[in-house]
1. Which is within 15 Å of the chain's Cα centre (by Cα), buried (at least 18 other Cβ atoms within 10 Å of the Cβ) and not in a loop (DSSP other than H, G, I, E, B), of 104, 97?
2. If residue 137 satisfies all but one of (1) assigned to a strand (DSSP E or B); (2) in contact (Cβ under 8 Å) with a residue 24 or more places away in the chain, what's the number of the condition it fails?
3. Of the residues that sit in segment 51-67 and are surrounded by 13 or more Cβ atoms within 10 Å (Cβ to Cβ) and either under 9 Å from the mean Cα position of the chain (by Cα) or modelled with pLDDT of 95 or more (or both), which one is farthest from residue 107 (Cα to Cα)?
4. Out of the residues in segment 1-31 meeting the condition of being outside any loop (DSSP other than H, G, I, E, B) and at pLDDT below 90, tell me which one is nearest to residue 72 (Cα to Cα).
5. Is it the case that some residue within segment 32-47 is at pLDDT 90 or above and surrounded by fewer than 16 Cβ atoms within 10 Å (Cβ to Cβ)?
6. Given the structure, is residue 91 free of Cβ contacts under 8 Å to residues at least 12 places away in the same chain, under 21 Å from residue 48 (Cα atoms) and surrounded by fewer than 19 Cβ atoms within 10 Å (Cβ to Cβ)?
7. Would you confirm whether any residue within segment 107-120 is touching a helix residue (DSSP H, G or I) at 6+ places or on another chain (Cβ under 9 Å), within 12 Å of residue 45 (Cβ to Cβ) and crowded, with 17+ Cβ neighbours inside 10 Å?
8. Could you identify the single residue in 83, 128 that is on the phi > 0 side of the Ramachandran plot, modelled with pLDDT under 95 and either over 16 Å from the mean Cα position of the chain (by Cα) or not in a strand (DSSP E or B) (or both)?
């Protein structure tokens with residue numbers, strides 16, 4: 001599918017298994033990797049999270065291992081994850097955390113987990129207050145977190 005034909009919430013390219021067997025899970029991961037990168041940078045993080053919740057609605061621990069280098073193209077679907085307590089682990093962090101990932105954690109009443117620290121109180125940060133993550137400062141606004149320094 002060409003990048004211009006990709007529609008939010010129907011891009012496909014999602015692979016899953018209900019197996020708890022590590023070898024089977026690794027096999028699905030390798031299969032997904034063999035199918036290619038999708039062609040473009042922006043990913044469908046929210047669509048993937050919704051897919052996972054659909055196949056395992058009783059799951060309590062939802063972990064999002066996120067590519068920090070790109071902003072998810074489907075942030076418009078984030079409202080569907082309200083109160084799902086997503087644990088976000090940003091990967092490829094060479095500087096600041098992508099504010100979109102902070103906003104996924106914020107809007108889902110979830111958390112951000114870095115190598116240095118776990119940030120579990122994002123929803124408790126008052127509007128216009130700031131949080132320091134590593135050497136960077138983010139302010140909470142009505143629209144979510146923004147990087148300010």
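The values are calculated or read from the model by the stated rules, or taken from the named source; none is laboratory data. Since the model is a prediction, treat every value here as computed from it, not as a measurement. For neighbour counting, all protein chains shown are included, and Cβ atoms are generated from backbone atoms with ideal geometry for every residue, glycine included.
1. Being within 15 Å of the chain's Cα centre (by Cα), buried (at least 18 other Cβ atoms within 10 Å of the Cβ) and not in a loop (DSSP other than H, G, I, E, B) holds for just one of 104, 97, which is 104.
2. Failing condition for residue 137: (2).
3. 67
4. 3
5. So far as segment 32-47 goes, no, none of its residues is at pLDDT 90 or above and surrounded by fewer than 16 Cβ atoms within 10 Å (Cβ to Cβ).
6. Judged against the criteria, residue 91 is not a match.
7. Looking for residues that are touching a helix residue (DSSP H, G or I) at 6+ places or on another chain (Cβ under 9 Å), within 12 Å of residue 45 (Cβ to Cβ) and crowded, with 17+ Cβ neighbours inside 10 Å, one finds at least one in segment 107-120, hence yes.
8. Working: 128 fails: modelled with pLDDT under 95.
Answer to the check: 83.
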